[in-house]
Amino acid sequence: MFNCFLLNNESIIFVIMKSEEDFIETDLKEVEGASTWESPSNIALVKYWGKYGTQYPQNPSLSFTLSKCITKTSISFVPKEIKNRDFSFDFKFEGNNSPAFHPKIQTFLERIDCYVPFVRQHNLKIESVNSFPHSSGIASSASAMSALALGIMSIEKKINPTISDAYFFLKASFLARLGSGSAARSLKGPIVSWGKTDVIEGSSDLYGTALDSKIHPIFEEYQDTILLIDKGQKKVSSSVGHNLMNNHPYAATRFDQAYINFKKLITILSQGDITEFISLVESEALTLHALMMASQPYFILMQPNTLKVLNRVREYRQDNNSSLCFTLDAGANVHLLYPKSEKDEVLKFIKEELACYCQNGQFIEDQIGN
Ligand code: PMV
């Protein structure tokens with residue numbers, strides 16, 4: 001059993017926060033101010049695929065928080081002049097007015113409304129930039145929704161300055177989850193779980209929990225190089241994808257497997273068992289894609305170049321006695337995971353033999369972060 005709290009006041013709040021009602025702010029004071037937050041993306045090792053209710057996961061998941069793939073979001077807020085029940089916001093993405101993003105933000109604000117009712121009383125000017133290329137096919141919802149949730153929490157902090165840092169980040173994760181499930185894991189680092197499980201004390205379906213157990217030093221500076229195989233729009237939205245798990249023939253088996261893999265991975269991470277890490281992480285990635293291929297309707301999200309990379313990675317690992325392995329999101333891009341000690345050789349391999357499979361030869365060098 002891994003214990004994730006320390007004996008201080010902040011952690012006592014952590015233990016008490018268990019239900020949705022604990023996150024309702026009732027103070028409707030009008031305030032004025034601004035905040036800027038940077039929040040990272042994350043890469044799941046045990047995947048979240050399938051949800052129920054209001055963005056609750058069907059199984060626990062666990063991710064490495066990244067350090068360079070980030071969204072930076074500034075929010076300035078003033079009391080609304082016309083007092084009505086509508087949300088009032090402007091949104092700029094990378095300096096341009098971006099009405100295309102409005103429906104997503106509107107849906108997010110509606111979902112979080114009962115926990116942060118003060119938002120309706122303010123006019124918000126929201127501006128976001130990503131550190132990674134736009135339309136790179138990288139799932140930006142985790143960094144985007146977590147950065148936005150932090151900005152909303154800054155308004156709450158202005159209204160109610162007594163809230164603790166622990167509550168601030170816990171509620172930010174709770175709110176981010178309502179925008180995009182995986183975003184719940186982007187509020188802390190370096191390794192974060194989301195979803196109730198008996199191996200992580202204090203874990204919850206409502207928010208992410210940073211792993212506070214001992215992690216083997218090999219994972220502390222783990223590298224993630226993201227090969228941009230296909231920078232196009234996602235073929236299937238996350239919501240559609242998650243819904244495919246309802247009535248999926250393998251759903252029950254998959255959710256059981258994810259619980260088992262989650263437990264195994266916690267042990268692997270503490271013991272530094274790289275062989276088992278590679279086997280579990282690659283199997284999780286391929287299972288995610290296999291689930292999509294076995295759905296009705298089905299989706300094939302890998303591209304021919306994805307398969308070429310996966311095969312080449314396996315050969316490279318065998319020929320060089322390397323720890324290089326892959327994982328995948330719900331798309332064609334490949335995340336290459338490896339210890340920092342192999343960085344020089346693996347980057348040489350990527351440049352010489354894998355960049356040719358990437359669109360415009362592009363890849364992003366990232367690593368585990370906080
Ligand atoms: O957060 P969502 O709803 O976009 O779902 C993310 C799902 C995966 O990225 C495929 C897996 C995960 O756990 O991050």
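The values are calculated or read from the model by the stated rules, or taken from the named source; none is laboratory data. What you see is a predicted model, and the numbers here were worked out from it, not measured in a lab. Methodologically, a virtual Cβ is constructed for each residue, glycine included, from the backbone with ideal geometry; neighbour enumeration extends over all protein chains shown. The protein model used for the area step is the full one, side chains on, heavy atoms only, and it has no ligands, DNA or RNA in it. Shrake-Rupley method; radii C 1.70, N 1.55, O 1.52, S 1.80 Å.
For region 51-82, filtered to residues that are assigned to a loop (DSSP other than H, G, I, E, B) and open to solvent by 50 Å² or more (accessible area, probe 1.4 Å), the residue that is modelled with the lowest pLDDT is ILE82. Applying a threshold of 7 Å to beta carbon distances and a minimum spacing of six or more residues, or different chains, the list of pairs starting in region 167-189 at a residue that is under 15 Å from SER203 (Cα atoms) and ending at one that is among the charged types (D, E, K, R) and away from the ligand (no atom under 14 Å from the Cβ) reads PHE169/LYS188. Scanning region 331-345 turns up one or more residues that are modelled with pLDDT of 95 or more, over 29 Å from SER39 (Cβ atoms) and either more than 16 Å from the ligand (Cβ to nearest atom) or in contact with a Gly (Cβ under 9 Å, 6 or more places away or on another chain) (or both). Among the residues of region 230-248, those that are in contact with a helix residue (DSSP H, G or I) (Cβ under 8 Å, 6 or more places away or on another chain) and either modelled with pLDDT of 95 or more or away from the ligand (no atom under 16 Å from the Cβ) (or both) comprise LYS231, HIS242, LEU244, MET245, HIS248. Scanning region 20-55 for residues that are within 16 Å of the ligand (Cβ to nearest atom) and without any contact (Cβ under 8 Å) to a residue 12 or more places away in the chain yields TYR52, GLY53. When VAL78, VAL119 are checked against the criterion of being of a type in the set (Val, Ile, Thr) and out of contact with any helix residue (DSSP H, G or I) (no Cβ under 9 Å at 6 or more places or on another chain), VAL78 stands alone in meeting it. Filtering region 281-295 for residues that are away from the ligand (no atom under 16 Å from the Cβ) and surrounded by fewer than 17 Cβ atoms within 10 Å (Cβ to Cβ) leaves an empty set. When ARG85, ARG111 are checked against the criterion of being in contact with a Gly (Cβ under 8 Å, 6 or more places away or on another chain) and open to solvent by 60 Å² or more (accessible area, probe 1.4 Å), a single residue qualifies: ARG111.
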